[in-house]
Amino acid sequence: MAMLRSSTFTGQEAALRTRSQFAADALVLAAVAVLFWLLIRLSHGFTAPFNPASAPSSVSTDPANLPYYAARSLLRMFVALIVSTIFTFIYATAAARLRRTEKILVPLLDILQSVPVLGFLSVTLSVWLMLFPHSELGVECASVFAIFTSQVWNMTFAFYQSLVTQPRDLDEAARLLRLTKWQRFWRVDVPYGMLPLVWNGMMSFGGGWFFLIASEVISVNNQVYALPGIGSYVAAASQQEQIGRMLLAIAVMIVMVIGVNFLFWRPLTAWAERFRTGDTANAEQQRSLVLNLLRRSTLPRMAGRLLRPVGAGLDRTMRVFGLADRPLRWNQGRRRLGDIVFVVVVTLLIGWGLLQMLGYVNEQTGLGQFGVAAGLGLITFARVVVLLIVGTLVWVPIGVWIGLNPRVTRFAQPIVQVLASFPANFLFPFMTLALIRTGISLDIGGVLLMALGAQWYILFNVIAGASAIPNDLREAAAILRLSRLQTWRTLYAPAVFASWVTGGITAAGGAWNASIVAEIVSYGNTTLVAHGLGSYIAEATADGDFARTLVGVTVMSVFVVGLNRLFWRRLYDFAERRLSLT
């Protein structure tokens with residue numbers, strides 16, 4: 001009888017499991033079918049005829065168009081994310097694995113991330129229009145490229161750091177197993193860098209939302225091109241002073257951000273936990289209903305089996321790149337000569353490029369514009385400093401409180417992620433209207449507009465730092481009966497300092513970039529302009545004055561890179577040397 005009951009229970013369990021898998025397969029299949037239908041439906045707009053002379057400068061604000069506009073914006077964001085991931089793999093691997101190339105690629109990456117989105121747009125728009133002269137695909141590529149430049153640099157830095165800090169035992173294992181360079185990349189490098197890549201990809205994706213309006217309403221060379229999208233919808237509604245439709249677009253945007261987090265980033269971060277190395281006993285278990293559904297379904301495993309021969313074929317094809325190995329000995333004389341030749345060639349190329357740029361600027365506007373831009377840069381720098389000070393005083397205590405309370409963390413962290421992902425410039429029209437009604441100058445109000453998009457980086461990183469404080473240190477502070485001020489001075493502040501520096505670097509970079517859209521804002525027919533480097537670049541780009549745009553972008557890059565090298569890097573080194581918990 002016991003055996004009969006056991007077999008009956010097992011049979012019932014198997015039937016339930018089969019029905020569960022069937023339901024999961026049906027849901028996954030339906031989701032894939034809907035996704036392909038949406039891609040086919042949205043792709044029709046890319047091939048629409050395009051004439052620069054008669055291209056629309058705004059879109060319809062009919063609410064019925066919002067679902068289609070939202071889908072177009074979402075597609076641009078994910079295309080940019082895919083391109084960013086491919087670029088990250090190639091660029092970061094070249095920087096980490098090629099010794100001489102690293103000396104160029106890493107500083108170049110530091111410079112590229114300081115270049116504002118409008119700086120890239122002013123240079124590349126004409127290229128895309130030349131490649132696709134009679135199709136809307138040219139403007140679409142320019143829009144995707146603008147979003148790409150707002151996402152890619154943070155992801156590339158994160159993956160590069162994971163490669164250069166890879167444990168030596170993984171490197172030795174790859175050599176002993178005689179893995180090819182292709183095999184090592186996919187079986188060692190990508191798994192080890194997956195966690196930082198996914199988390200930084202999520203943050204970068206949120207940064208891409210911020211520049212949605214600038215990428216969908218492209219104002220370059222005295223011409224305005226508007227693409228169907230939720231960013232261009234908000235811009236059109238603001239121009240027509242339609243507050244109700246702006247609120248509707250904001251509601252749709254909130255739904256999109258939450259939906260993307262639930263359907264994409266949440267399952268991806270939970271899946272990436274499998275690549276966590278070291279002691280994971282204290283790691284918080286990530287959960288995702290979507291990931292559980294995919295694991296229950298048999299379709300992903302079937303797709304994996306079907307694609308396995310493709311992977312094996314790629315492994316065989318990529319053997320031409322050789323093994324993931326390095327020579328144990330080098331010819332020192334030949335290596336030193338190669339380094340000297342490399343440095344001389346690079347120095348000559350950089351010098352030639354600088355002379356060409358200075359000659360062009362001198363001919364078009366005069367070298368005195370560098371002084372004008374530098375003075376305006378100091379004004380914008382003052383706004384960034386105020387933002388960082390106020391953001392630190394407000395959000396560090398709140399971040400520590402959230403991070404030290406697991407129940408609060410579980411509730412608050414998803415909210416913070418949504419707030420960090422929400423494009424703050426969707427609120428700019430309301431803030432502009434408030435500034436107009438109150439008579440407050442944008443020179444002062446611009447700080448608040450810049451803070452709307454940059455402050456969350458400080459909060460997000462401080463929460464992560466506070467949640468990593470070991471319990472034994474907190475218990476020791478309690479046993480010693482330290483006062484609240486003493487606990488902050490001796491434990492909390494030192495423990496979260498490195499996280500604050502990381503958040504401060506990101507917030508400062510975001511604030512510099514946000515100054516371009518925060519120092520010149522409009523509502524209806526009223527435009528407010530603040531004194532600063534951001535408005536200087538925005539006006540030069542809109543007027544088609546490439547020389548002034550080049551001057552503004554160069555000065556902003558000098559400010560950002562100089563501050564990173566002279567201030568932030570020293571703080572980070574101090575945190576690693578004096579305040580590390582390990």
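Computed values, structure above
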| item | result |
| --- | --- |
| Potential extension, Leu299-His134 segment - 0.36 nm per residue separation minus Cα distance | 55.3 nm |
| Under 12 Å, Cβ to Cβ, from Val290 - net charge with Lys/Arg +1 and Asp/Glu -1 | +4 |
| The chain: calculated mean residue ellipticity at 222 nm from DSSP helix runs of at least 4, using -39500 (n - 2.57) | -25000 deg cm²/dmol |
| The chain, relative contact order in percent, only Cα pairs under 8 angstrom and at least six apart counted | 19 percent |
| Positive minus negative residues near Val123 (Lys, Arg vs Asp, Glu; Cβ under 14 Å) | 0 |
| Extreme residue, positive dipole direction of the chain, given options Val560, Thr85, Ile469 (C-beta unit charges) | Ile469 |
| Exposure ranking of Ser43, Ser84 by accessible area [1.4 Å probe, largest first] | Ser43, Ser84 |
| Cβ-Cβ FRET estimate between Gln223 and Val79, R0 fixed at 35 Å, reported to 0.05 | 0.90 |
| Under 15 Å, Cβ to Cβ, from Gly375 - net charge with Lys/Arg +1 and Asp/Glu -1 | 0 |
| Carbon plus sulfur fraction of accessible area for the chain, probe 1.4 Å, in percent | 66 percent |
| Accessible surface of Val558 - all protein chains present, 1.4 Å probe, nearest 10 Å² | 100 Å² |
| Magnitude of the charge dipole, the chain, Cβ model with Lys/Arg +1 and Asp/Glu -1, debye to 20 | 2360 debye |
| Solvent exposure ordering (accessible area, 1.4 Å, most first) of Tyr572, Tyr536 | Tyr572, Tyr536 |
| Contour minus Cα-Cα distance for Arg308 and Thr487 (0.36 nm per residue) | 58.9 nm |
| Highest-first arrangement of 196-203, 516-523, where packing means the average Cβ count within 10 Å | 516-523, 196-203 |
| FRET efficiency estimate (nearest 0.05) - Cβ-Cβ, Leu393 to Arg578, R0 22 angstrom | 0.45 |
| Per-peptide average of other Cβ atoms within 10 Å, ordering 109-119, 30-40 highest first | 109-119, 30-40 |
| Convex hull of Cα atoms in region 184-260, direction-averaged projection (nm²) | 7.5 nm² |
| Solvent-accessible surface (1.4 angstrom probe) belonging to Leu419, in square angstrom, nearest 10 | 70 Å² |
| Per residue, in Å², the accessible surface of the chain once ligands and nucleic acids are set aside, probe 1.4 Å | 53 Å² |
| Pairwise label distance in nanometres, Arg569 with Glu241, each label 7 Å out on the Cα-Cβ vector | 5.1 nm |
| Largest-first ordering by accessible area, 1.4 Å probe, given options Met302, Met357 | Met302, Met357 |
| Probe 1.4 Å - accessible area at Ile243, Å² to nearest ten | 70 Å² |
| Relative intensity, log₁₀ I(q)/I(0), of region 409-516 from a Debye sum that treats every alpha carbon as a point, q = 0.16, 0.24 Å⁻¹ | -0.82, -1.22 |
| Approximate shape of the chain as ellipsoid semi-axes (Cα gyration tensor, √5λ), whole Å, largest first | 39, 32, 30 |
| Difference of contour (0.36 nm per residue) and Cα-Cα distance, Thr124 to Ala382 | 89.8 nm |
| Spatial separation of Cα centroids for region 213-269 and region 164-207, in angstrom | 34 Å |
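The values are calculated or read from the model by the stated rules, or taken from the named source; none is laboratory data. Small disclaimer: the values here were computed from a predicted structure and weren't measured. With ideal geometry, Cβ positions are generated from the backbone for all residues, glycine too; neighbour counts draw on all protein chains shown. Remember, those area values only see protein heavy atoms, side chains included, never the ligands or the DNA or RNA. Shrake-Rupley method; radii C 1.70, N 1.55, O 1.52, S 1.80 Å.
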